[in-house]
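Only one structure is covered here, and it is reproduced in the block below.
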Amino acid sequence: MVPLVIAVLHARPAETLQLSDSSGVRLIPANFGQGFLLGYVAGLIWYAGTCYWIFDTMHQYGGLNKPAALGVLFLFCLYLAVYHGLFGGLLAIAADRSSRLSRRALVSAPFLWVALELARTRVTGFPWQLLGTAQVDNIPLARIASITGVYGLSFEIMLVNTAFAAALLVRKEKRTALLAAAIGATVALQAGRLVSAPPAPSDRVAYLVQQNIPVLENSEWTKEFFQTTLRLLEETTLNPPGGPKSGAVAAPKLVVWPESPAPFYTSDPLFRDAISDVARKTKSWVVTGSLGIRNASQSPAQATEVYNSAALVSPDGTWTERYDKIHLVPFGEFVPFRSLFSFAAGLTQQVGDFNRGTSRLPLRAGDQKLGTFICYESVFPDEVRQFARNGAQVLVNLSNDGWYGDSGAYAQHLNQSRMRAIETGRWLLLDTNTGVTASVDPYGRVVTSLPRKVRSMLPAPYALTDVTTFYTRHGDWFAYVCAIISLMALLMRFPNRAKTGQE
(Lines give C-alpha, C1' and ligand atoms only; values in the text may rest on other atoms or scores of the structure.)
Protein backbone atom coordinates (compact mmCIF):
# COMPACT_ATOMS: atom_id res chain seq x y z
CA MET A 1 0.00 0.00 0.00
CA VAL A 2 3.00 2.33 0.40
CA PRO A 3 3.37 3.12 -3.34
CA LEU A 4 -0.35 3.87 -3.66
CA VAL A 5 -0.43 6.22 -0.66
CA ILE A 6 2.66 8.08 -1.87
CA ALA A 7 1.29 8.28 -5.42
CA VAL A 8 -1.98 9.82 -4.20
CA LEU A 9 -0.30 12.33 -1.90
CA HIS A 10 2.34 13.36 -4.46
CA ALA A 11 0.53 12.91 -7.74
CA ARG A 12 0.29 16.40 -9.19
CA PRO A 13 2.89 18.60 -10.90
CA ALA A 14 5.63 20.05 -8.70
CA GLU A 15 5.73 23.67 -7.68
CA THR A 16 8.91 25.50 -6.72
CA LEU A 17 8.49 27.06 -3.27
CA GLN A 18 10.63 28.57 -0.59
CA LEU A 19 10.76 25.64 1.80
CA SER A 20 13.25 24.95 4.54
CA ASP A 21 14.21 21.57 3.12
CA SER A 22 17.01 21.15 0.64
CA SER A 23 14.80 20.40 -2.37
CA GLY A 24 12.77 23.58 -2.40
CA VAL A 25 10.03 21.61 -4.16
CA ARG A 26 6.50 20.93 -3.04
CA LEU A 27 4.54 18.11 -4.66
CA ILE A 28 0.76 18.63 -4.51
CA PRO A 29 -1.65 15.78 -3.60
CA ALA A 30 -3.99 14.42 -6.24
CA ASN A 31 -7.48 15.74 -6.69
CA PHE A 32 -10.38 13.31 -6.33
CA GLY A 33 -10.35 12.20 -9.97
CA GLN A 34 -6.62 11.60 -10.03
CA GLY A 35 -6.70 9.78 -6.70
CA PHE A 36 -9.59 7.63 -7.89
CA LEU A 37 -7.74 6.70 -11.08
CA LEU A 38 -4.59 5.75 -9.18
CA GLY A 39 -6.57 3.60 -6.75
CA TYR A 40 -8.65 2.10 -9.54
CA VAL A 41 -5.59 0.91 -11.47
CA ALA A 42 -4.22 -0.59 -8.24
CA GLY A 43 -7.57 -2.33 -7.72
CA LEU A 44 -7.55 -3.81 -11.22
CA ILE A 45 -4.12 -5.31 -10.57
CA TRP A 46 -5.20 -6.48 -7.09
CA TYR A 47 -8.27 -8.41 -8.29
CA ALA A 48 -6.69 -9.73 -11.47
CA GLY A 49 -3.87 -11.11 -9.32
CA THR A 50 -5.97 -12.62 -6.51
CA CYS A 51 -9.17 -13.69 -8.30
CA TYR A 52 -7.71 -14.89 -11.61
CA TRP A 53 -9.35 -18.27 -10.91
CA ILE A 54 -12.73 -16.83 -11.96
CA PHE A 55 -11.58 -17.24 -15.57
CA ASP A 56 -10.98 -20.97 -15.16
CA THR A 57 -14.22 -21.50 -13.25
CA MET A 58 -16.35 -19.72 -15.86
CA HIS A 59 -14.57 -21.48 -18.72
CA GLN A 60 -14.62 -25.04 -17.32
CA TYR A 61 -17.92 -25.03 -15.46
CA GLY A 62 -19.82 -22.05 -16.81
CA GLY A 63 -19.73 -23.21 -20.39
CA LEU A 64 -18.11 -19.99 -21.63
CA ASN A 65 -15.42 -19.93 -24.26
CA LYS A 66 -12.06 -18.43 -23.30
CA PRO A 67 -12.68 -14.89 -24.62
CA ALA A 68 -16.05 -14.73 -22.85
CA ALA A 69 -14.59 -16.10 -19.59
CA LEU A 70 -11.79 -13.56 -19.80
CA GLY A 71 -14.40 -10.86 -20.35
CA VAL A 72 -16.26 -11.95 -17.21
CA LEU A 73 -13.03 -11.72 -15.19
CA PHE A 74 -12.33 -8.29 -16.66
CA LEU A 75 -15.83 -7.02 -15.80
CA PHE A 76 -15.46 -8.43 -12.32
CA CYS A 77 -12.18 -6.54 -11.83
CA LEU A 78 -13.67 -3.34 -13.26
CA TYR A 79 -16.53 -3.56 -10.76
CA LEU A 80 -14.69 -4.33 -7.54
CA ALA A 81 -11.74 -2.05 -8.31
CA VAL A 82 -14.15 0.80 -7.62
CA TYR A 83 -13.44 0.31 -3.89
CA HIS A 84 -9.71 0.83 -4.40
CA GLY A 85 -10.59 3.82 -6.55
CA LEU A 86 -12.73 5.28 -3.78
CA PHE A 87 -9.87 4.78 -1.34
CA GLY A 88 -7.55 6.79 -3.59
CA GLY A 89 -10.13 9.50 -4.27
CA LEU A 90 -11.20 9.92 -0.64
CA LEU A 91 -7.59 9.91 0.52
CA ALA A 92 -6.97 12.76 -1.90
CA ILE A 93 -9.92 14.69 -0.45
CA ALA A 94 -8.58 14.16 3.06
CA ALA A 95 -5.16 15.53 2.11
CA ASP A 96 -4.07 18.90 3.51
CA ARG A 97 -2.65 20.95 0.64
CA SER A 98 -1.33 23.67 2.92
CA SER A 99 1.62 21.60 4.14
CA ARG A 100 4.30 19.50 2.50
CA LEU A 101 3.37 16.42 4.54
CA SER A 102 -0.36 15.71 4.61
CA ARG A 103 -0.66 14.38 8.14
CA ARG A 104 -4.47 14.44 7.96
CA ALA A 105 -4.52 12.06 4.99
CA LEU A 106 -1.94 9.74 6.53
CA VAL A 107 -3.93 9.51 9.76
CA SER A 108 -7.15 8.95 7.80
CA ALA A 109 -5.78 6.21 5.51
CA PRO A 110 -6.24 3.17 7.83
CA PHE A 111 -9.76 4.29 8.80
CA LEU A 112 -10.73 4.83 5.15
CA TRP A 113 -9.41 1.43 4.13
CA VAL A 114 -11.35 -0.43 6.81
CA ALA A 115 -14.52 1.57 6.07
CA LEU A 116 -14.30 0.53 2.42
CA GLU A 117 -13.66 -3.11 3.35
CA LEU A 118 -16.86 -2.94 5.38
CA ALA A 119 -18.68 -1.50 2.37
CA ARG A 120 -17.29 -4.25 0.15
CA THR A 121 -18.63 -6.82 2.60
CA ARG A 122 -22.03 -5.26 3.23
CA VAL A 123 -22.83 -3.59 -0.09
CA THR A 124 -21.16 -5.67 -2.79
CA GLY A 125 -21.15 -8.92 -0.84
CA PHE A 126 -17.68 -10.02 -1.93
CA PRO A 127 -15.21 -9.65 0.97
CA TRP A 128 -12.77 -12.08 -0.62
CA GLN A 129 -9.22 -11.65 0.71
CA LEU A 130 -9.76 -8.83 3.20
CA LEU A 131 -6.32 -7.41 3.91
CA GLY A 132 -6.15 -8.64 7.50
CA THR A 133 -6.30 -12.27 6.36
CA ALA A 134 -2.60 -11.92 5.48
CA GLN A 135 -1.82 -12.13 9.23
CA VAL A 136 -3.65 -15.41 9.90
CA ASP A 137 -0.34 -17.18 10.67
CA ASN A 138 0.83 -14.47 13.08
CA ILE A 139 -0.82 -16.01 16.13
CA PRO A 140 -0.26 -13.28 18.79
CA LEU A 141 -1.21 -10.46 16.42
CA ALA A 142 -4.13 -12.36 14.87
CA ARG A 143 -5.74 -12.66 18.31
CA ILE A 144 -6.78 -9.03 17.82
CA ALA A 145 -9.47 -10.44 15.53
CA SER A 146 -11.26 -11.94 18.54
CA ILE A 147 -11.99 -8.32 19.53
CA THR A 148 -12.17 -6.36 16.29
CA GLY A 149 -12.72 -9.05 13.71
CA VAL A 150 -10.39 -9.30 10.72
CA TYR A 151 -10.88 -5.56 10.20
CA GLY A 152 -8.56 -4.78 13.12
CA LEU A 153 -5.76 -6.61 11.34
CA SER A 154 -6.49 -4.73 8.12
CA PHE A 155 -6.21 -1.51 10.14
CA GLU A 156 -2.85 -2.60 11.58
CA ILE A 157 -1.45 -3.41 8.14
CA MET A 158 -2.56 -0.04 6.77
CA LEU A 159 -1.16 1.74 9.83
CA VAL A 160 2.29 0.27 9.27
CA ASN A 161 2.13 1.02 5.55
CA THR A 162 1.22 4.65 6.16
CA ALA A 163 4.10 4.90 8.65
CA PHE A 164 6.48 3.87 5.88
CA ALA A 165 4.79 6.29 3.48
CA ALA A 166 5.18 9.12 6.00
CA ALA A 167 8.87 8.31 6.44
CA LEU A 168 9.41 8.53 2.68
CA LEU A 169 7.50 11.81 2.38
CA VAL A 170 9.20 13.85 5.09
CA ARG A 171 12.31 15.96 4.70
CA LYS A 172 15.57 14.10 4.48
CA GLU A 173 16.80 15.02 7.94
CA LYS A 174 13.74 13.38 9.54
CA ARG A 175 13.54 10.38 7.24
CA THR A 176 16.06 8.14 9.00
CA ALA A 177 14.35 8.39 12.37
CA LEU A 178 10.88 7.71 10.95
CA LEU A 179 12.09 4.80 8.83
CA ALA A 180 13.77 3.29 11.89
CA ALA A 181 10.52 3.65 13.85
CA ALA A 182 8.46 2.08 11.05
CA ILE A 183 10.89 -0.82 10.65
CA GLY A 184 10.97 -1.32 14.42
CA ALA A 185 7.16 -1.46 14.56
CA THR A 186 7.11 -3.97 11.70
CA VAL A 187 9.69 -6.23 13.34
CA ALA A 188 7.87 -6.07 16.70
CA LEU A 189 4.50 -6.92 15.15
CA GLN A 190 5.87 -9.70 12.94
CA ALA A 191 7.97 -11.26 15.68
CA GLY A 192 4.82 -13.03 16.80
CA ARG A 193 5.28 -15.45 13.90
CA LEU A 194 8.23 -16.87 15.82
CA VAL A 195 6.14 -17.56 18.91
CA SER A 196 4.61 -21.00 19.33
CA ALA A 197 1.30 -20.89 21.16
CA PRO A 198 0.51 -23.85 23.39
CA PRO A 199 -1.48 -26.73 21.86
CA ALA A 200 -5.23 -26.25 22.07
CA PRO A 201 -6.78 -29.08 24.13
CA SER A 202 -9.13 -31.44 22.29
CA ASP A 203 -11.20 -34.28 23.67
CA ARG A 204 -13.28 -35.40 20.66
CA VAL A 205 -12.75 -36.79 17.19
CA ALA A 206 -14.76 -36.16 14.04
CA TYR A 207 -14.51 -38.21 10.87
CA LEU A 208 -14.21 -35.76 7.96
CA VAL A 209 -14.78 -37.52 4.64
CA GLN A 210 -13.09 -36.03 1.59
CA GLN A 211 -15.16 -37.43 -1.26
CA ASN A 212 -13.09 -36.32 -4.27
CA ILE A 213 -16.13 -36.58 -6.58
CA PRO A 214 -15.60 -35.02 -10.03
CA VAL A 215 -18.00 -32.50 -11.52
CA LEU A 216 -20.13 -34.47 -13.97
CA GLU A 217 -23.08 -33.82 -16.22
CA ASN A 218 -26.44 -34.97 -14.82
CA SER A 219 -26.69 -37.62 -17.53
CA GLU A 220 -23.50 -39.25 -16.25
CA TRP A 221 -25.06 -39.94 -12.86
CA THR A 222 -26.64 -43.26 -13.75
CA LYS A 223 -28.28 -45.29 -11.01
CA GLU A 224 -25.41 -47.79 -11.06
CA PHE A 225 -22.76 -45.08 -10.82
CA PHE A 226 -24.72 -43.33 -8.05
CA GLN A 227 -25.00 -46.53 -5.98
CA THR A 228 -21.33 -47.38 -6.51
CA THR A 229 -20.31 -43.89 -5.37
CA LEU A 230 -22.39 -44.18 -2.21
CA ARG A 231 -20.97 -47.61 -1.44
CA LEU A 232 -17.38 -46.40 -1.83
CA LEU A 233 -18.05 -43.36 0.37
CA GLU A 234 -19.56 -45.61 3.05
CA GLU A 235 -16.47 -47.82 2.93
CA THR A 236 -14.19 -44.80 3.17
CA THR A 237 -16.10 -43.58 6.20
CA LEU A 238 -16.29 -46.88 8.02
CA ASN A 239 -12.96 -48.49 7.12
CA PRO A 240 -10.26 -45.83 6.80
CA PRO A 241 -6.57 -46.82 6.94
CA GLY A 242 -5.56 -46.96 10.60
CA GLY A 243 -9.23 -46.56 11.50
CA PRO A 244 -11.30 -47.80 14.44
CA LYS A 245 -10.81 -51.48 13.62
CA SER A 246 -7.06 -51.13 14.12
CA GLY A 247 -7.62 -49.32 17.39
CA ALA A 248 -5.54 -46.37 16.15
CA VAL A 249 -8.40 -43.88 16.05
CA ALA A 250 -11.00 -43.10 18.70
CA ALA A 251 -14.68 -43.59 17.97
CA PRO A 252 -16.13 -40.45 16.42
CA LYS A 253 -18.48 -38.01 18.08
CA LEU A 254 -19.34 -36.66 14.65
CA VAL A 255 -19.12 -37.75 11.00
CA VAL A 256 -19.13 -35.11 8.25
CA TRP A 257 -19.67 -35.42 4.50
CA PRO A 258 -18.97 -32.24 2.52
CA GLU A 259 -20.84 -30.14 0.01
CA SER A 260 -20.78 -32.29 -3.08
CA PRO A 261 -21.26 -32.01 -6.85
CA ALA A 262 -23.21 -35.30 -6.65
CA PRO A 263 -27.04 -35.21 -6.82
CA PHE A 264 -27.48 -36.10 -3.13
CA TYR A 265 -31.12 -35.11 -2.54
CA THR A 266 -32.51 -35.31 0.99
CA SER A 267 -35.65 -36.92 -0.44
CA ASP A 268 -33.76 -39.70 -2.24
CA PRO A 269 -34.27 -43.04 -0.40
CA LEU A 270 -30.93 -44.41 -1.62
CA PHE A 271 -29.03 -41.44 -0.22
CA ARG A 272 -31.05 -41.31 2.99
CA ASP A 273 -30.54 -45.02 3.65
CA ALA A 274 -26.79 -44.76 3.04
CA ILE A 275 -26.36 -41.86 5.47
CA SER A 276 -28.60 -43.47 8.08
CA ASP A 277 -26.55 -46.65 7.78
CA VAL A 278 -23.32 -44.68 8.38
CA ALA A 279 -24.85 -43.04 11.46
CA ARG A 280 -25.95 -46.37 12.93
CA LYS A 281 -22.67 -48.18 12.25
CA THR A 282 -20.49 -45.39 13.66
CA LYS A 283 -22.98 -44.72 16.49
CA SER A 284 -22.48 -41.02 15.93
CA TRP A 285 -24.18 -37.93 14.59
CA VAL A 286 -23.71 -37.27 10.88
CA VAL A 287 -23.72 -33.93 9.07
CA THR A 288 -23.89 -34.24 5.30
CA GLY A 289 -23.95 -31.83 2.41
CA SER A 290 -27.10 -32.35 0.38
CA LEU A 291 -29.72 -30.82 -1.89
CA GLY A 292 -32.68 -30.02 0.30
CA ILE A 293 -36.17 -29.53 -1.08
CA ARG A 294 -39.13 -27.80 0.49
CA ASN A 295 -40.93 -30.99 1.45
CA ALA A 296 -39.08 -34.24 2.09
CA SER A 297 -41.94 -36.19 0.51
CA GLN A 298 -41.45 -34.45 -2.84
CA SER A 299 -39.27 -35.74 -5.63
CA PRO A 300 -36.62 -33.36 -7.08
CA ALA A 301 -38.69 -32.98 -10.23
CA GLN A 302 -41.74 -31.87 -8.20
CA ALA A 303 -39.89 -29.50 -5.88
CA THR A 304 -40.35 -25.79 -6.50
CA GLU A 305 -37.76 -24.77 -3.88
CA VAL A 306 -34.32 -26.36 -3.77
CA TYR A 307 -31.67 -25.49 -1.17
CA ASN A 308 -27.97 -26.07 -0.75
CA SER A 309 -28.23 -27.81 2.60
CA ALA A 310 -26.46 -29.51 5.46
CA ALA A 311 -28.59 -32.28 6.94
CA LEU A 312 -28.18 -33.71 10.46
CA VAL A 313 -28.78 -37.40 11.15
CA SER A 314 -28.88 -38.93 14.64
CA PRO A 315 -26.97 -42.08 15.73
CA ASP A 316 -30.14 -44.15 15.29
CA GLY A 317 -30.40 -43.05 11.64
CA THR A 318 -33.17 -40.46 12.09
CA TRP A 319 -32.97 -37.31 9.95
CA THR A 320 -33.51 -34.55 12.52
CA GLU A 321 -32.53 -31.04 11.36
CA ARG A 322 -31.24 -29.16 8.34
CA TYR A 323 -29.37 -25.94 7.67
CA ASP A 324 -30.15 -24.25 4.36
CA LYS A 325 -27.46 -22.00 2.94
CA ILE A 326 -28.33 -18.31 3.26
CA HIS A 327 -25.58 -16.44 1.41
CA LEU A 328 -25.60 -17.87 -2.10
CA VAL A 329 -22.82 -17.40 -4.65
CA PRO A 330 -23.85 -14.94 -7.38
CA PHE A 331 -23.51 -16.48 -10.85
CA GLY A 332 -22.83 -19.83 -9.17
CA GLU A 333 -25.93 -20.64 -7.11
CA PHE A 334 -28.20 -17.99 -8.54
CA VAL A 335 -28.05 -15.40 -11.32
CA PRO A 336 -28.82 -11.84 -10.20
CA PHE A 337 -30.66 -9.71 -12.76
CA ARG A 338 -31.18 -12.81 -14.87
CA SER A 339 -32.35 -10.92 -17.96
CA LEU A 340 -29.12 -8.90 -17.98
CA PHE A 341 -26.73 -11.76 -17.15
CA SER A 342 -28.40 -14.62 -19.00
CA PHE A 343 -25.00 -15.68 -20.40
CA ALA A 344 -24.01 -16.91 -16.90
CA ALA A 345 -26.92 -19.30 -16.55
CA GLY A 346 -24.71 -22.18 -17.69
CA LEU A 347 -22.82 -22.17 -14.41
CA THR A 348 -25.97 -22.48 -12.31
CA GLN A 349 -27.00 -25.42 -14.46
CA GLN A 350 -23.84 -27.14 -13.22
CA VAL A 351 -24.04 -26.04 -9.57
CA GLY A 352 -27.73 -25.39 -9.02
CA ASP A 353 -30.25 -22.58 -8.88
CA PHE A 354 -31.07 -22.39 -5.19
CA ASN A 355 -33.40 -20.68 -2.78
CA ARG A 356 -32.05 -18.96 0.33
CA GLY A 357 -32.32 -20.31 3.85
CA THR A 358 -33.43 -18.09 6.72
CA SER A 359 -31.93 -19.38 10.00
CA ARG A 360 -28.41 -19.35 11.47
CA LEU A 361 -29.29 -21.40 14.52
CA PRO A 362 -26.80 -24.20 15.29
CA LEU A 363 -27.69 -27.83 14.60
CA ARG A 364 -28.26 -29.72 17.86
CA ALA A 365 -26.34 -33.00 17.75
CA GLY A 366 -26.89 -34.46 21.19
CA ASP A 367 -24.64 -32.55 23.60
CA GLN A 368 -23.08 -30.63 20.69
CA LYS A 369 -24.26 -27.43 19.04
CA LEU A 370 -22.83 -27.23 15.54
CA GLY A 371 -22.42 -23.91 13.75
CA THR A 372 -22.76 -25.33 10.25
CA PHE A 373 -22.23 -23.12 7.20
CA ILE A 374 -21.51 -23.87 3.57
CA CYS A 375 -18.58 -22.95 1.33
CA TYR A 376 -18.63 -19.24 0.35
CA GLU A 377 -20.33 -18.24 3.60
CA SER A 378 -17.01 -18.68 5.41
CA VAL A 379 -15.64 -15.41 3.94
CA PHE A 380 -18.28 -13.32 5.75
CA PRO A 381 -17.04 -12.54 9.29
CA ASP A 382 -20.29 -11.22 10.73
CA GLU A 383 -22.40 -14.05 9.33
CA VAL A 384 -20.23 -16.82 10.76
CA ARG A 385 -19.97 -15.15 14.17
CA GLN A 386 -23.79 -15.22 14.39
CA PHE A 387 -23.64 -19.02 14.72
CA ALA A 388 -21.36 -18.64 17.74
CA ARG A 389 -23.56 -15.90 19.19
CA ASN A 390 -26.53 -18.25 18.83
CA GLY A 391 -24.76 -20.91 20.88
CA ALA A 392 -22.65 -22.94 18.46
CA GLN A 393 -19.82 -24.72 20.31
CA VAL A 394 -17.84 -25.80 17.24
CA LEU A 395 -17.86 -24.53 13.65
CA VAL A 396 -18.40 -26.92 10.74
CA ASN A 397 -17.80 -25.74 7.18
CA LEU A 398 -18.89 -27.91 4.25
CA SER A 399 -17.35 -26.94 0.94
CA ASN A 400 -16.79 -28.07 -2.61
CA ASP A 401 -13.56 -26.35 -3.64
CA GLY A 402 -13.39 -28.41 -6.82
CA TRP A 403 -14.82 -25.43 -8.70
CA TYR A 404 -11.50 -23.62 -8.16
CA GLY A 405 -9.47 -26.22 -10.07
CA ASP A 406 -5.74 -26.11 -9.38
CA SER A 407 -5.63 -22.36 -8.77
CA GLY A 408 -4.67 -20.78 -5.47
CA ALA A 409 -8.31 -20.12 -4.58
CA TYR A 410 -8.59 -23.20 -2.37
CA ALA A 411 -5.71 -21.92 -0.21
CA GLN A 412 -7.25 -18.44 -0.09
CA HIS A 413 -10.51 -20.00 1.06
CA LEU A 414 -8.71 -22.02 3.73
CA ASN A 415 -7.01 -18.94 5.19
CA GLN A 416 -10.24 -16.97 5.31
CA SER A 417 -11.99 -19.88 7.04
CA ARG A 418 -9.16 -20.07 9.58
CA MET A 419 -9.75 -16.42 10.46
CA ARG A 420 -13.34 -17.27 11.43
CA ALA A 421 -11.99 -19.72 14.03
CA ILE A 422 -9.81 -16.96 15.51
CA GLU A 423 -12.64 -14.42 15.60
CA THR A 424 -15.02 -16.74 17.41
CA GLY A 425 -12.49 -18.64 19.54
CA ARG A 426 -13.79 -22.00 18.31
CA TRP A 427 -12.55 -25.15 16.67
CA LEU A 428 -13.34 -25.34 12.97
CA LEU A 429 -13.96 -28.61 11.14
CA LEU A 430 -13.42 -27.87 7.46
CA ASP A 431 -14.69 -30.67 5.21
CA THR A 432 -14.25 -30.24 1.47
CA ASN A 433 -14.88 -32.37 -1.59
CA THR A 434 -11.37 -32.11 -3.07
CA GLY A 435 -9.35 -30.42 -0.29
CA VAL A 436 -8.18 -28.89 1.90
CA THR A 437 -10.03 -30.97 4.52
CA ALA A 438 -8.70 -29.98 7.93
CA SER A 439 -9.17 -29.49 11.66
CA VAL A 440 -8.41 -25.92 12.74
CA ASP A 441 -7.93 -24.92 16.36
CA PRO A 442 -9.14 -21.63 17.98
CA TYR A 443 -5.75 -20.05 17.19
CA GLY A 444 -6.39 -20.59 13.49
CA ARG A 445 -3.74 -23.30 13.19
CA VAL A 446 -4.28 -26.31 10.93
CA VAL A 447 -3.86 -29.18 13.39
CA THR A 448 -4.27 -31.96 10.85
CA SER A 449 -5.31 -32.15 7.20
CA LEU A 450 -5.62 -34.40 4.15
CA PRO A 451 -3.75 -33.98 0.87
CA ARG A 452 -5.86 -32.63 -1.95
CA LYS A 453 -7.59 -34.73 -4.61
CA VAL A 454 -7.71 -38.00 -2.72
CA ARG A 455 -10.71 -39.90 -1.40
CA SER A 456 -10.05 -40.47 2.27
CA MET A 457 -11.23 -39.87 5.81
CA LEU A 458 -9.55 -37.56 8.30
CA PRO A 459 -9.85 -38.27 12.04
CA ALA A 460 -10.07 -34.63 13.15
CA PRO A 461 -9.57 -33.62 16.80
CA TYR A 462 -11.78 -30.90 18.22
CA ALA A 463 -13.40 -29.65 21.40
CA LEU A 464 -16.54 -27.79 22.37
CA THR A 465 -16.43 -24.31 23.85
CA ASP A 466 -18.99 -21.88 25.21
CA VAL A 467 -16.53 -18.97 25.40
CA THR A 468 -17.92 -15.81 23.83
CA THR A 469 -15.33 -13.49 22.31
CA PHE A 470 -15.83 -9.74 22.20
CA TYR A 471 -16.20 -9.94 18.43
CA THR A 472 -18.81 -12.70 18.72
CA ARG A 473 -20.83 -10.51 21.07
CA HIS A 474 -20.53 -7.17 19.27
CA GLY A 475 -19.77 -7.99 15.63
CA ASP A 476 -18.33 -5.41 13.25
CA TRP A 477 -18.25 -2.58 15.79
CA PHE A 478 -14.64 -1.67 14.97
CA ALA A 479 -15.31 -1.40 11.24
CA TYR A 480 -18.31 0.84 11.88
CA VAL A 481 -16.22 3.08 14.17
CA CYS A 482 -13.67 3.40 11.35
CA ALA A 483 -16.48 4.30 8.94
CA ILE A 484 -17.78 7.01 11.29
CA ILE A 485 -14.30 8.47 11.82
CA SER A 486 -13.69 8.45 8.07
CA LEU A 487 -16.95 10.29 7.44
CA MET A 488 -16.15 12.89 10.09
CA ALA A 489 -12.66 13.43 8.67
CA LEU A 490 -14.05 13.97 5.17
CA LEU A 491 -16.82 16.31 6.36
CA MET A 492 -14.27 18.39 8.28
CA ARG A 493 -12.29 18.88 5.07
CA PHE A 494 -15.05 20.64 3.16
CA PRO A 495 -15.21 23.83 5.28
CA ASN A 496 -11.42 24.17 4.90
CA ARG A 497 -11.64 23.69 1.16
CA ALA A 498 -14.34 26.33 0.85
CA LYS A 499 -12.39 28.75 3.06
CA THR A 500 -9.12 28.42 1.16
CA GLY A 501 -10.81 28.30 -2.25
CA GLN A 502 -9.13 25.01 -3.04
CA GLU A 503 -10.80 22.41 -5.21
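The values are calculated or read from the model by the stated rules, or taken from the named source; none is laboratory data. Note that the structure is a prediction, hence the values are computed from the model and not measured. FYI the Cβ positions are ideal-geometry reconstructions off the backbone, even for glycines, and counts take in every protein chain you see. Ligands, DNA and RNA are excluded from the accessible area calculation, which covers all protein heavy atoms including side chains. Shrake-Rupley method; radii C 1.70, N 1.55, O 1.52, S 1.80 Å.
Each row is one residue, and each column tells you yes or no for (1) open to solvent by 20 Å² or more (accessible area, probe 1.4 Å); (2) in contact (Cβ under 8 Å) with a residue 12 or more places away in the chain; (3) assigned to a loop (DSSP other than H, G, I, E, B); (4) acidic (Asp, Glu).
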position	(1), (2), (3), (4)
ARG356	yes, yes, yes, no
TYR376	no, yes, no, no
ALA392	no, yes, yes, no
GLY402	no, yes, no, no
ASP406	yes, no, yes, yes
ALA421	no, yes, no, no
ARG426	no, yes, yes, no
LEU430	no, yes, no, no
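The helices (runs of 4 or more DSSP H) found entirely in region 121-235 that carry 1 or more residues being under 28 Å from the mean Cα position of the chain (by Cα) and among the acidic types (Asp, Glu) are 150-169.
Would you call ASP401 under 23 Å from the mean Cα position of the chain (by Cα), modelled with pLDDT under 95 and either of a type in the set (Asp, Glu) or under 30 Å from VAL107 (Cα atoms) (or both)? Yes; evaluated as a whole, the condition is true for this residue. Set side by side, the residues THR121, THR186 differ, and just one is within 18 Å of GLY43 (Cβ to Cβ), among the polar types (S, T, N, Q) and open to solvent by 10 Å² or more (accessible area, probe 1.4 Å), which is THR121. Yes or no: ARG364 closer than 28 Å to ASP203 by Cβ, modelled with pLDDT of 95 or more, among the basic types (Lys, Arg) and surrounded by fewer than 20 Cβ atoms within 10 Å (Cβ to Cβ)? Against the criterion (closer than 28 Å to ASP203 by Cβ, modelled with pLDDT of 95 or more, among the basic types (Lys, Arg) and surrounded by fewer than 20 Cβ atoms within 10 Å (Cβ to Cβ)), ARG364 qualifies.
Considering VAL41, VAL114, the condition of being open to solvent by less than 50 Å² (accessible area, probe 1.4 Å), β-branched (Val, Ile, Thr) and modelled with pLDDT of 95 or more is satisfied by VAL114 alone.
For region 438-455, filtered to residues that are part of a loop (DSSP other than H, G, I, E, B) and under 15 Å from VAL256 (Cα atoms), the residue that is most open to solvent (accessible area, probe 1.4 Å) is ARG455.
Among the conditions (1) touching a Leu at 6+ places or on another chain (Cβ under 9 Å); (2) within 19 Å of VAL329 (Cβ to Cβ); (3) open to solvent by 10 Å² or more (accessible area, probe 1.4 Å); (4) modelled with pLDDT of 95 or more, the only one that GLN416 does not satisfy is (3).
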